[in-house]
Structure formats: C-alpha cells, structure tokens
Amino acid sequence: MELKTSGYAPVNGLQMYYEIHGEGEMPLVLIHGGGSTIETTFGTILPLLGGKLIAVELQAHGRTSDRDAPETFEQDADDVAGLLKYLKVDKANFFGFSNGATTTLQIAIRHPELVNKIVILSAAYQREGFIPGFFDGFAGATLAHMPEPLQAGFLKVTPDKASLQTMFEKDVARMVNFKDIPDDAIRAIKAPALVIVSQHDPVTVEHNIKISRMIHGAALMVLPGVHGACIGEMGVVTPGSKVPEITVALIKEFLTN
C-alpha cells in the first residue's frame, strides 16, 4: 500500500515515528512486536490490509527516540494514545502483534474511548501465558541472541548499533519485569476483539483461549505455524504461503462486520 505520509510526533518526551497509508473512515493502528520495526512486523501484510493504516514505532524502536525511563506496556499504550491525539484521531481499530498485542490490551484498558475494535495476535497478559521456560531465556541474554532479521531491520532504518543495544536491553528488562494484568481488567474490555494465536507460539493456545473467553463476545482464531508466520513477519516468511493472505482476509472481515 502506498505510503501517504510519515513523520515524528512529540509524545510524552519522545519523537515518535509514524506512517499513514491509504484512505478510510476508521483507521487501523498497527503496533509491532518487541525488537521490531513497522517493516519487520507488518511488511508482508501491510500492502494487503487496505483502508487507512496508522503504523507506529514505540519507544527506542526503529526511528522513534528513547527517553530516560524503562519501557512498559502501560507507557506504550499512553504513547500510542498521545500520538492519536496529535493526529486528531478520536477512534480507531488496533492490531497488535506479540508485545504489541499486550500494548493493545493496555490501550483497551487505559483508553477505551479511543477503541472501536481490537485484533491481538500472540498476546499475553500474565506470566503464566508463556510456554514453560520462556523467562529463563532472558538470564544473561546478549544482543547476539536477538534474531538477525530484527537486528538488520532496526539498523536499516536507524544505522546506530548503540541505539540497537539500548533497545535490546530495554526489551529484555521489560520482559524480565513482566507484570500480570489483573483478570478483572481484561474482563472489563468492552471493545469487540479478535484473538489470534499460532499453534507453536511462545504464548500458549490455552492462554489465548482464556483471553477470548474473558473479553465478552471475542472471536478466536488458532492458526498453524510458528510465532509471526501467519502475517509473514520478517524471519519467518514462507515463500509462496497463502496463510498471510488468509489471515488478512479474516481480519478485514472482522473489522468490517
């Protein structure tokens, strides 16, 4: 989809990078995963989604600046809300992947007035939602453990290894310090929700079933493959796969019905 405009918004001490693609009444806000950029999470499906898209890059990620504060999902949610205020957007749909899905849940909790519908892919709201041993992997993690496609994607838009290192360390710290969202906060979400999880995700299918049952009327979709494969996330693109097209078709049907 052709890029309509891009820029930097002054939001909560950040220079927050955003892109606007396409046209439409109700925009869809795209929120990338941890360690990612707009391109590395959404590059495959962005041309397929249609409508008006607002893609963002969160604190220390991609082209967005950092600030002297930890990354948190709550702050990310407030930053996205601040960006929409800057852009004079009163209501939107939201599509978050992985860490971006947790941020999307926080937007629905903290800024419900902004939310029309939410799509969450590979979401977790509590530590128990991750596969056994998941958090063990962060002990002693170094930049060398970060997937090469994500490193390359960051350096492509911000060719600064010190910034990449900072982003990596802040992402690791956010996961080490992952705080459970209370069940009641999830139950209080009133926005229509589409919950998507891959069969071989670092978050469990059971956890996402639980989320779908806690958000009243939520739809659930379990797809084959690994983390991010259903949207062709960078590093897990399967040449010739139709799954991203199918995923997008189901997302568009949810958003328009």
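The values are calculated or read from the model by the stated rules, or taken from the named source; none is laboratory data. Keep in mind it's a predicted model, so treat the numbers as computed, not measured. Virtual Cβ from ideal backbone geometry, glycine too; neighbours counted across all protein chains shown. With ligands, DNA and RNA removed, areas are computed over all heavy atoms of the protein, side chains included. Shrake-Rupley method; radii C 1.70, N 1.55, O 1.52, S 1.80 Å.
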Inset, instruction - Go through ALA144, ALA108 for me and flag whichever is open to solvent by 50 Å² or more (accessible area, probe 1.4 Å), within 30 Å of GLN199 (Cα to Cα) and of a type in the set (A, V, I, L, M). - result: ALA144
Legend entry - Meets criteria (closer than 19 Å to ILE251 by Cα and of a type outside the set (Phe, Trp, Tyr)) for LEU28: yes
Inset, instruction - Just give me the residues in the stretch 138-157 being among the polar types (S, T, N, Q) and more than 17 Å from GLY33 (Cα to Cα), in sequence order. - result: THR142
Inset, instruction - Find the residue count for the stretch 42-87, including only residues that are among the acidic types (Asp, Glu) and open to solvent by less than 30 Å² (accessible area, probe 1.4 Å). - result: 4
Legend entry - Qualifying residues in the stretch 241-257 (those that are open to solvent by 70 Å² or more (accessible area, probe 1.4 Å) and in a loop (DSSP other than H, G, I, E, B)) - the one farthest from GLY51 (Cα to Cα): LYS242
Legend entry - Matching residues in the stretch 175-200 - criterion: being among the charged types (D, E, K, R), under 15 Å from GLN126 (Cβ atoms) and out of contact with any Lys or Arg (no Cβ under 8 Å at 6 or more places or on another chain): LYS179, ASP183, ASP184, ARG187
Inset, instruction - Scan the stretch 207-228 residue by residue and report those that are part of a helix (DSSP H, G or I) and farther than 25 Å from GLY35 by Cα. - result: ILE209, LYS210, SER212, ARG213, MET214
Inset, instruction - Name every residue in the stretch 195-206 that is outside any loop (DSSP other than H, G, I, E, B), open to solvent by 20 Å² or more (accessible area, probe 1.4 Å) and in contact (Cβ under 8 Å) with a residue 12 or more places away in the chain, in order of residue number. - result: GLN199, HIS200, VAL205
Inset, instruction - Just give me the residues in the stretch 229-250 being closer than 16 Å to GLY33 by Cβ, of a type in the set (A, V, I, L, M) and in contact with a strand residue (DSSP E or B) (Cβ under 9 Å, 6 or more places away or on another chain), in sequence order. - result: ALA229, ILE231, VAL236
Inset, instruction - Could you tell me whether the stretch 170-181 includes any residue that is open to solvent by less than 60 Å² (accessible area, probe 1.4 Å), of a type in the set (S, T, N, Q) and in contact (Cβ under 8 Å) with a residue 60 or more places away in the chain? - result: no
Legend entry - helices (runs of 4 or more DSSP H) wholly inside the stretch 133-188 that include at least 3 residues being among the hydrophobic types (A, V, I, L, M, F, W, C): 148-157, 161-176
